[in-house]
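One structure is given here, and the rest of the page talks about it.
The values are calculated or read from the model by the stated rules, or taken from the named source; none is laboratory data. All of these numbers come straight from a predicted model, not from anything done at the bench. Please note: Cβ atoms are built from the backbone with ideal geometry, for glycine as well, and neighbour counts cover all protein chains shown. The accessibility values were calculated without ligands, DNA or RNA, using every heavy atom of the protein model including side chains. Shrake-Rupley method; radii C 1.70, N 1.55, O 1.52, S 1.80 Å.
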Amino acid sequence: MTRAKKTDAHWERPDLLRVESKRPEKEYKWAREDNVERLQDEGWKTSQDPRLKTDRVEGDGAQLDTTVRRRELVLMEMPAEKAAARRTYWRTKGEEQLKAIRERFQEEAERRGFAVHQHFERR
């Protein structure tokens, strides 16, 4: 009778976009190289922090500068306070647009004689 050999081997799917040693006062996002300029216009900067750690992957190519890259992606960063203000701006804008759409829908339904009984609340 053979005994099964017990092993502590553990495997989990690698997170190829994982970044370690992030600074808490910064927010980070990966961006395609063709979107970098647009994101810079919005306040993002290419991350060149040498303390950030990413896994190197064969085929990433040689780094020509200190920008943190992963194949065709570039790591961008923004101060956390500015990122929070940006999120608030876009959330408010989205809520205003959604409210206008609901009001137009309600008006059109009433104009056509449909009864609308659903009331939507953001959770």
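Listing for the model above:
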read-out: Looking only at segment 1-52, and only at residues there that are assigned to a strand (DSSP E or B) and acidic (Asp, Glu), the one that is surrounded by the fewest Cβ atoms within 10 Å (Cβ to Cβ); value: GLU20
read-out: Members of segment 88-123 that are basic (Lys, Arg) and modelled with pLDDT of 95 or more; value: ARG91, LYS93
read-out: Hits in segment 58-72 (condition: in a strand (DSSP E or B) and either at pLDDT 90 or above or open to solvent by 40 Å² or more (accessible area, probe 1.4 Å) (or both)); value: ARG69
